[in-house]
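To start, the structure itself, in structure tokens.
The values are calculated or read from the model by the stated rules, or taken from the named source; none is laboratory data. Just so we're clear, the structure is a prediction, and the values are computed from it rather than from any experiment. Counting neighbours? That spans all protein chains shown, and the Cβs are built from the backbone with ideal geometry, glycine included. Surface areas here come from the heavy atoms of the whole protein model, side chains and all, with no ligands, DNA or RNA. Shrake-Rupley method; radii C 1.70, N 1.55, O 1.52, S 1.80 Å.
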Amino acid sequence: GESVGLHLPTLSVQEGDNSIINCAYSNSASDYFIWYKQESGKGPQFIIDIRSNMDKRQGQRVTVLLNKTVKHLSLQIAATQPGDSAVYFCAELSGGYNKLIFGAGTRLAVHP
Amino acid sequence: GAGVSQTPSNKVTEKGKYVELRCDPISGHTALYWYRQSLGQGPEFLIYFQGTGAADDSGLPNDRFFAVRPEGSVSTLKIQRTERGDSAVYLCASSLSTGELFFGEGSRLTVL
């Protein structure tokens, strides 16, 4: 079936470096994508979203890039901080409501 | 509280027992979702309510799983004859009819 997945299960970075987390999706009809951050013992927290009519969207220290040609999403975190350590999921919206299909996640570990 | 509240936060039960998990959504949110998250995996959609009715229950794994939302606010996820494979974190999320999903911290179910 259609699914969203991630390339790297674990990413280790030094504090202050930039992080890039990647995600591939398979449903070319999807038109809305979201990145979530999940800390241990907590529920997923919205970070940033992007619609398919855009290829880039920026937030505070985060940027999402969408390449529809190769069905690829990435999340860029600038000046990574220890508080950014978490599991990051991309999610794809399916159906006419907020039925999210999540990938397996990437763990980001930030070292001082 | 201001966020989605789930109880219990942890539940340990024996194989074959009946379990209820409760979700209090954000006040005024008409849409409510249940997801299940196994260790190291992304959340998996179970069921979606719009108001009191289950608009999409296609993610419920089998007829041992059932969810209700009788007054369009609080929802209960019910699992009959629990099995060890049901062990997971059960996440609830709510949103306005369309819009960002807000997740609770989840109920961790362990079936011995």
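Points to keep in mind about this one:
- Segments classed as strands (runs of 3 or more DSSP E), wholly inside the range A:8-90, with at least 1 members that are free of Cβ contacts under 8 Å to residues at least 24 places away in the same chain: A:45-51, A:56-58, A:62-67
- The set of residues from the range B:9-58 being touching an Asp or Glu at 6+ places or on another chain (Cβ under 9 Å), assigned to a loop (DSSP other than H, G, I, E, B) and without any contact (Cβ under 8 Å) to a residue 24 or more places away in the chain comprises just one member, B:Thr52.
- Members of the range A:91-104 found to be of a type outside the set (Ser, Thr, Tyr), open to solvent by 40 Å² or more (accessible area, probe 1.4 Å) and part of a loop (DSSP other than H, G, I, E, B), listed by number: A:Gly95, A:Gly96, A:Ala104
- Residue in the range A:72-112 that is farthest from the chain's Cα centre (by Cα), counting only those that are of a type in the set (Val, Ile, Thr) and more than 11 Å from chain B (Cβ to nearest Cβ): A:Val110
- For B:Ile79: the one exception among (1) over 17 Å from A:Gly103 (Cα atoms); (2) surrounded by fewer than 17 Cβ atoms within 10 Å (Cβ to Cβ); (3) more than 10 Å from every other protein chain (Cβ to nearest Cβ): (2)
- Checking each residue in the range B:1-40 for being within 10 Å of chain A (Cβ to nearest Cβ) and buried (at least 18 other Cβ atoms within 10 Å of the Cβ) picks out B:Val4, B:Gln6, B:Ala31, B:Tyr33, B:Tyr35, B:Gln37.
- Whichever residue in the range B:41-56 is open to solvent by less than 60 Å² (accessible area, probe 1.4 Å) and facing another protein chain (nearest Cβ under 7 Å) and, among such residues, is farthest from B:Arg69 (Cα to Cα): B:Gly42
- Subset tally (residues that are part of a strand (DSSP E or B), over 9 Å from the mean Cα position of the chain (by Cα) and either among the aliphatic types (A, V, I, L, M) or more than 14 Å from chain A (Cβ to nearest Cβ) (or both)) for the range B:90-112: 3
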